[in-house]
Amino acid sequence: MTAARYDLITVGGGLGGAALASVMSRAGARVLVLERGREFKDRVRGEVLVPWGCAEAAKLGLLDPLRERLGHELRYWAVDLGGIRALTRDVVATTDLRLPVITFFHPDMQRLVLAQATEAGANVLLGANVVDVAPGETPKVTFKRSGETQHATARLVVGADGRGSSTRRWGGFRVQEDTHRRSFTGVLLDDMPAPDDTLHSRFAPSEGRMSWLFPQGRGRVRAYVGFDSRSSDPPLSGKRDLARFIDTSIALGVPKDFFDGCRPSGPLATFDATDNWVDHPYRDGIALIGDAAATSDPTWGQGMSLTLRDVRVLSETLLDHDRWDEAGHVFADEHDCGYAACHRCDGWYTDLLLDPGPEADARRAVALPRILEDPSRLPDIPFSGPEQVADEAARQRLFGLD
């Protein structure tokens with residue numbers, strides 16, 4: 001069977017794969033998107049763009065459609081420590097980007113970006129199950145659709161197939177992983193009366209627990225709780241554990257009346273929040289983007305923004321180079337720099353706010369009074385992006401050691 005030929009094939013049609021397909025198709029590239037799903041249903045996954053992610057979306061032509069069709073804007077970030085309000089930040093006024101946090105329902109977002117890819121001229125195939133990617137000068141993809149095995153070749157194959165990426169295995173990439181520190185549980189709730197202009201976070205540092213509320217508008221909220229890996233708390237999963245999820249949230253300071261009359265509209269699930277990543281996510285005609293390249297701890301909400309940064313860097317690099325093998329290496333170097341800054345800063349935040357034990361309590365006793373007096377001690381990578389300073393001097397300042 002003759003293999004169809006493309007410039008670019010994306011394995012995965014989520015935010016990364018579809019956004020890349022849109023950009024490259026608009027630039028005249030022949031693009032194939034292979035998405036194994038046919039319908040998109042709720043599951044616990046990323047649904048937030050922090051301000052620097054919104055800036056990346058704007059560069060890709062995605063921000064306005066998100067805002068106009070399905071996004072919900074959060075202007076404020078409220079932080080409680082040990083049951084006491086420590087900070088309320090106007091993120092629009094206090095970042096140079098002057099952009100909000102945007103939340104959205106993930107299935108709606110995936111339908112939007114795939115429609116954009118189709119409109120841009122990409123060949124989008126739903127129900128396409130990729131079974132092999134062969135690296136090389138002209139990489140080859142084998143996939144099954146409607147019972148038929150098909151093949152396609154490209155100048156570049158992009159793995160946009162998430163944390164458990166098969167593309168990185170087929171490409172021979174070596175995955176690295178942090179020591180397991182945290183578990184994260186989430187559920188989508190309707191009819192929840194949380195203020196819908198505010199991102200709510202509550203931390204119980206000595207317990208290693210936290211709560212996040214991400215309103216999506218009209219009473220819909222994606223709610224999370226996080227646990228330290230050394231906790232005795234069993235994982236929460238399914239309808240039977242919803243009451244325990246609510247009790248944990250209330251214990252962390254979420255008002256009890258927020259849960260009066262609310263109802264789950266999606267599954268309750270717990271997953272490992274450990275970072276895993278590939279150093280230099282390009283080799284032999286295969287590039288990795290988004291969670292396939294680096295999965296960041298969702299506690300700090302950088303995943304979607306990192307995905308869009310990958311799309312922007314890779315597309316700009318491909319369009320600037322005739323030799324796409326060279327472009328792949330340039331992209332990988334830039335990806336590594338951005339992810340490393342986020343990874344480093346996220347680790348500092350975890351050490352400060354979510355590491356239990358007497359040594360961590362002693363660190364907080366030094367750092368937190370100084371931060372409350374001067375919030376600029378907090379490195380602003382989680383809101384302003386990986387180009388912000390995250391060097392040793394920034395770490396010393398965060399922990400009050402300067």
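Considering the stretch 383-393, the residues that are assigned to a helix (DSSP H, G or I) and under 22 Å from Val101 (Cβ atoms) include one that is nearest to the chain's Cα centre (by Cα), namely Phe383. Residues that are exposed (fewer than 13 other Cβ atoms within 10 Å of the Cβ) and either modelled with pLDDT of 95 or more or not in a loop (DSSP other than H, G, I, E, B) (or both) occur at least once in the stretch 233-242. On the basis of being surrounded by fewer than 18 Cβ atoms within 10 Å (Cβ to Cβ), under 23 Å from the mean Cα position of the chain (by Cα), over 18 Å from Val221 (Cβ atoms) and of a type in the set (A, V, I, L, M, F, W, C), does Val92 make the cut? So Val92 fits the description; yes.
Across the stretch 191-219, the qualifying residues are those that are of a type in the set (S, T, N, Q) and touching a strand residue (DSSP E or B) at 6+ places or on another chain (Cβ under 9 Å), and the one among them that is surrounded by the fewest Cβ atoms within 10 Å (Cβ to Cβ) is Thr198.
Filtered by the rule that a residue be over 18 Å from the mean Cα position of the chain (by Cα), part of a strand (DSSP E or B) and either under 19 Å from Pro234 (Cα atoms) or aromatic (Phe, Trp, Tyr) (or both), the stretch 173-209 gives Phe203, Ala204, Arg209. The condition of being closer than 26 Å to Trp324 by Cα, under 16 Å from the mean Cα position of the chain (by Cα) and of a type in the set (Gly, Ala, Ser) holds for only one of Gly46, Gly14, that being Gly14. Taking (1) more than 21 Å from Asp275 (Cβ to Cβ); (2) crowded, with 17+ Cβ neighbours inside 10 Å in turn, Leu314 satisfies each apart from (1). Under the condition of being within 12 Å of Ser25 (Cβ to Cβ) and not in a strand (DSSP E or B), the residues counted in the stretch 115-131 number 7.
Evaluation of Ile102 against the conditions (1) more than 27 Å from Gly253 (Cβ to Cβ); (2) without any contact (Cβ under 8 Å) to a residue 60 or more places away in the chain; (3) surrounded by 21 or more Cβ atoms within 10 Å (Cβ to Cβ); (4) hydrophobic (A, V, I, L, M, F, W, C) shows that the sole unmet condition is (1). Within the stretch 94-112, being polar (S, T, N, Q) and either over 28 Å from Pro379 (Cα atoms) or part of a helix (DSSP H, G or I) (or both) holds for one residue alone: Gln110. With respect to the stated conditions, Arg309 is crowded, with 24+ Cβ neighbours inside 10 Å, among the basic types (Lys, Arg) and at pLDDT 95 or above. Residue by residue through the stretch 364-382, note down the ones that are among the small types (Gly, Ala, Ser) and either surrounded by fewer than 19 Cβ atoms within 10 Å (Cβ to Cβ) or within 23 Å of the chain's Cα centre (by Cα) (or both). Scanning the stretch 364-382 gives Ala365, Ser376. Scanning the stretch 167-191 for residues that are of a type in the set (S, T, N, Q) and in contact with a helix residue (DSSP H, G or I) (Cβ under 9 Å, 6 or more places away or on another chain), we see that the one that is modelled with the highest pLDDT is Thr167.
The set of residues in the stretch 74-87 being part of a strand (DSSP E or B) and modelled with pLDDT under 95 consists of Leu81, Ile84, Arg85, Ala86, Leu87. Gly357 falls short on exactly one of the conditions (1) at pLDDT 95 or above; (2) surrounded by fewer than 21 Cβ atoms within 10 Å (Cβ to Cβ), and that condition is (1).
The values are calculated or read from the model by the stated rules, or taken from the named source; none is laboratory data. The structure displayed is predicted, hence computed values, not measured ones. In this analysis, Cβ positions are derived from the backbone assuming ideal geometry, glycine residues included, and neighbour counts consider all displayed protein chains.
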